[in-house]
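To start, the structure under review is shown below, and the notes come after it.
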Amino acid sequence: MRKLLLASCFGVAALFTAGYAAANDELAKLSADPNQWVMPAANFANTRYSELKQINTENVHKIAPAWTFSTGVLRGHEGAPLVIGDVMYLHAPFPNTVFALDLNNDGKILWKYEPKQDPNVIPVMCCDTVNRGLSYADGKIFLHQADTTLVALDAKTGAVVWSVKDGDPSKGETGTDAPYVFKDKVFIGVSGGEFGVRGWLSAYNIKDGKLAWRGYSEGPDSDTLIDPEKTTALGKPVGKDSSTSTWQGDQWKIGGGDTWGWYSFDPELNLIYYGSGNPSTWNPKQRPGDNKWSMTIWARDADTGKAKWVYQMTPHDEWDYDGVNEMILTDQKIDGQDRKLLTHFDRNGFGYTLDRATGELLVAQKFDPKVNWATGINMDKASPDYGKPIRVKAMSTEANGEDVNSKGICPAALGSKDEQPAAYSPQTELFYVPTNHVCMDYEPFKVSYSAGQPYVGATLSMYPPSGDSNMGNFIAWDGKTGKIVWSDPEQFSVWSGALATAGGVVFYGTLEGYLKAVDAKTGKELYKFKTPSGIIGNVMTYEHGGRQYVAILSGVGGWAGIGLAAGLNKPTDGLGAVGGYAALSNYTALGGTLTVFALPSD
Amino acid sequence: MTISKPILGLGFALAFAAPVVALADMPGDPTAVKQDDQGLWHDKDGDPTYKIEADGTVDWYTFSGFRRYNAACIVCHGPDGAGSSYAPALANSLKTMSYAEFFGIVVSGRKDLLNGNDLVMPAFADNKNAMCYLNDIYVYLRARSTGAVGRGRPDKHAPKPQAFATAEDKCMGPD
């Protein structure tokens, strides 16, 4: 019915937008084929769920490495490869090499793209030179390079079809997020919240690499692409200058709100969903105001970029709780009614469920019981503070003051969950969430801004919550009620992306390097294997030649490599204590390998 | 003052045997012997150093260095100088690095380009958040490198000298 409408009402337009229809339909079709993995999060809804079930709860204990591949790079390996047809496309951290591997030939390299980038981009990447992966559309592979170049490569040959520079590393602007293809455009964000970079979402035409629109996280309405009457927050129009009115002077120009996470898309509503990161600087005293629209869930029109609705989760952030984590789209029943939902596990420790059409807030609960910077989220629609966190004064780094060490704040700056993405299984209607279980002492102080230099303004030290020795949990979460269903403790933060499958198995990786498989219903561990290095990548799966494969990148690093690679110290240890924590460095060293598992072929 | 024979002999041997540069790269005896008018302690060679009292109270600069290091340097070099997966543990590096060499690297940056495993440190010369506190950061890391200060925030510290506050405001500039 929809296709008919398109043809009859938009016949002429369709001639000019044939490219759009083709790319959108092609990708939608491809992402429905469980044998392939054609986009970073498996599908537009970002569920990281596969219909493949050759591997199931009964036989997963028999899987073993089937083949492996080294990227040649020893930095933090985030993201996952794509599989399109018989070819696997694999990316690497800086220098961001792209490999096309022949699945018919044990991963023989069909082509390799090695960008030449100025190494001076490296020191302006706050948290290792990671890259979160590739996208595909219309015969092209898209790579978002560290130096902010977006390049389209011919999927068959690796030749550059077009290339465009999105930002300026000399100002601290860098590229780490994967590009996303929705309709006729490829979307990228920008990194640099620790360098005062004002965040944006750029939309480029697939065909020719021209910039179609760019929506900023802060600034006048013409920059943020907000309509004062039509853009709503929790059902109410946001009004004129909703961003700039919440900053002092020109501070919004170096305001942060960067966009380096995962993006999802609802083709029926024509909306793109993503989150914006922390406001700059980490010292809240230097930026009075709510700092909109940092820490915000955005719903933007895919064609024009206009914001349909926004919701700021952590106004006037005092803890670096970036809002960039994935927005998982599901259709579930709440109070007996079918709802179109968006579920988001924020750095701030709250799991939010919203109506993705209207931005109505339905559920907001802690997904780590130890979260203590807020007691909850105000759910009283009549209250002027509706939707705002109920902050605990003692955990306010600003209330405690500059040069005062605020102690025991949970979660730590790296959040109850960082970028590592969760998965959703329609079989169990549960989310599978890799979490951090870490608290911090945080002390803000005055800093000065200079372009291309870190603009942080706080000291922090991190440790597990008092009474616990585990620094991570892998949990199952019910997004309809906001409850933890089961929780598997892990010694270190779980920093990998999860994968849920129709075989009833959920996969994730640990910072020591284990790939683990657990029962989706109970969390019982069914299999584990120690890969060559700690895992911060995302598990994916595909089928080839009648066999199901599960693949994971190992290569420790990223922000996990900072906070945890050297071990953490307990506040209860005396000065100069020897021992302290079992350091991650006792378990793993650098690496850069893809390990691909399968059931034995007999 | 008479120079005793063994020392004379040593001096003679060193002058001919060892290049002066190599000697200058090693930090000397870290014992604090003199405090300047900004409250910073110096060792006998005149280089900044730490002073820890018997009860563990650290001097102001060591404490300040803990904070400033864990804000400006932690993103690459890890907490408390313990290193990360992509930058060395400075608590270790300072065992064999002099004040002059440390200063030079922070000011100018450093590149080790290893064909895909490049390590690049930026120049901090224009970054007040580092340069205004460079002595503090050095003193803190020096204390970490000798084991005088362990992981974590020092429990007790001497108060901030007034002269330090004045110099800090001057260096950092207006808000």
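Where a number appears in this text, it was derived from the coordinates with a stated rule and is not lab data. No experiment lies behind these values; they were computed from the predicted model shown. So basically every Cβ, Gly included, is an ideal-geometry build from the backbone, and we count neighbours across all protein chains shown.
Net charge near A:K381, counting Lys/Arg +1 and Asp/Glu -1 over other residues with Cβ under 12 Å of its Cβ? Kindly include the intermediate steps, with their values, before the conclusion.
Details: positive: A:K236; negative: A:E360, A:D380, A:D385.
With Lys, Arg at +1 and Asp, Glu at -1, the net is -2.
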Subject >> Cβ-based charge dipole, segment A:33-598, positive-most Cα from A:T259, A:Y216, A:V363 >> reply: A:V363
Subject >> Dipole magnitude of segment A:159-275, debye to nearest 20 (Cβ charges: Lys/Arg +1, Asp/Glu -1, about Cα centre) >> reply: 200
**OP:** Note down the magnitude of the dipole of segment A:33-598 about its Cα centre, charges +1 on Lys and Arg C-beta and -1 on Asp and Glu C-beta and zero elsewhere, to the nearest 20 debye.
**Re:** 340
Original post:
Of all DSSP beta bridges located in chain A, what percent are antiparallel, nearest 5?
Top reply: 95
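Please state the charge dipole magnitude for segment A:463-566, taken about the Cα centre, from unit charges on C-beta atoms (+1 on K and R, -1 on D and E), reported in debye and rounded to the nearest 20. Before the final figure, lay out each step's value.
Working: 8 positive and 8 negative charges, 38 e Å.
Using only the charged Cβ atoms, the result is roughly 180 debye.
Mind ranking A:463-469, A:96-102 by how tightly packed they are, going by the mean number of other C-beta atoms within 10 angstrom, highest first?
Values: A:463-469: 15.4, A:96-102: 21.0.
Highest-to-lowest ranking by the protection proxy: A:96-102, A:463-469.
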**OP:** Measure of size requested: the Rg and Dmax of segment B:28-172, with Cα atoms as the atom set and Å as the unit; please supply both.
**Re:** 14.9, 49
Original post:
Using modelled backbone amide H atoms (1.01 Å from N, in-plane), which distant-in-sequence or interchain residues come within less than 5 Å of A:N59's amide H?
Top reply: none
Original post:
Between segment B:64-134 and segment A:121-186, what's the alpha-carbon centroid distance in Å?
Top reply: 29
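For Cα pairs less than 8 Å apart in space and 6+ apart in sequence, what is the mean separation divided by the residue count of segment B:28-172, i.e. the relative contact order in percent?
Numbers: 236 pairs, mean separation 42.2, N = 145.
After rounding, I find 29 percent.
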Original post:
Can you list residues whose amide H is under 5 Å from A:W200's amide H, if they're 5+ apart or on another chain and H is modeled 1.01 Å from N?
Top reply: A:V190, A:S217, A:T259
Original post:
Within segment B:64-175, how many lysine pairs that are 8 or more places apart, or on different chains, have C-alpha atoms less than 29 Å apart?
Top reply: 10
**OP:** In whole Å, largest first, what are the principal axis extents of the Cα atoms in segment A:206-309?
**Re:** 43, 30, 21
Original post:
Counting Lys and Arg as +1 and Asp and Glu as -1, what is the net charge of the other residues whose Cβ lies under 10 Å from the Cβ of B:A143?
Top reply: +2
Original post:
Where the convex hull is taken over the Cα atoms of segment A:19-83, what is its projected area averaged over directions, in nm²?
Top reply: 6.6
Subject >> Ordering of A:309-317, A:217-225 by burial proxy (mean other Cβ atoms within 10 Å per residue, highest first) >> reply: A:309-317, A:217-225
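Taking a ≥ b ≥ c as the square roots of the Cα gyration tensor eigenvalues, with a/c under 1.5 meaning rounded and otherwise prolate when a/b beats b/c, else oblate, which class fits segment A:161-240? Write out the running numbers ahead of the final one.
Working: a/c = 2.40, a/b = 1.38, b/c = 1.74.
Verdict is oblate for segment A:161-240.
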Original post:
Taking amide H positions as placed 1.01 Å from N in the peptide plane, with prolines and chain starts having none, which residues 5 or more places from A:Y527, or on another chain, fall under 5 Å of its amide H?
Top reply: A:A517
Original post:
Once phi is turned into ³J(HN,Hα) by the Karplus curve 6.51 cos²θ - 1.76 cosθ + 1.60 with θ = phi - 60°, what whole-Hz value does each residue of segment B:148-158 show in order, with x for glycine and proline?
Top reply: 5, 10, x, 5, x, 6, x, 5, 10, 9, 5
**OP:** Could you run the Karplus curve 6.51 cos²θ - 1.76 cosθ + 1.60 with θ = phi - 60° over segment A:188-193 and give me ³J(HN,Hα) per residue in whole Hz, x for Gly and Pro?
**Re:** 9, x, 9, 10, x, x
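Which of the residue pairs A:K108/A:K185; A:K292/A:K446; A:K29/A:K521; A:K183/A:K210 have a Cα-Cα distance greater than 19 Å in the structure shown? Walk me through the numbers before you get to the answer.
Values: A:K108/A:K185 31 Å; A:K292/A:K446 22 Å; A:K29/A:K521 29 Å; A:K183/A:K210 15 Å.
From the list (A:K108/A:K185; A:K292/A:K446; A:K29/A:K521; A:K183/A:K210), the Cα-Cα distance tops 19 Å for A:K108/A:K185; A:K292/A:K446; A:K29/A:K521.
Rounded to a whole number, what is D in µm²/s for the protein assembly as shown from Stokes-Einstein with the Kirkwood radius over alpha-carbon pairs (37 °C, 0.692 mPa s)? Please list the in-between numbers first.
On the way: Rh = 26.9 Å.
My calculation gives 122 µm²/s for D.
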Original post:
In segment A:485-537, which trypsin sites (Lys or Arg not before Pro) are in a loop and have at most 15 other Cβ atoms within 10 Å, using DSSP for the loop call?
Top reply: A:K524
Original post:
What are the ³J(HN,Hα) values, in whole Hz, obtained from phi via the Karplus relation 6.51 cos²θ - 1.76 cosθ + 1.60 with θ = phi - 60°, for each residue of segment A:212-218 in sequence order, with x given for Gly and Pro?
Top reply: 8, 7, 9, x, 8, 7, 9
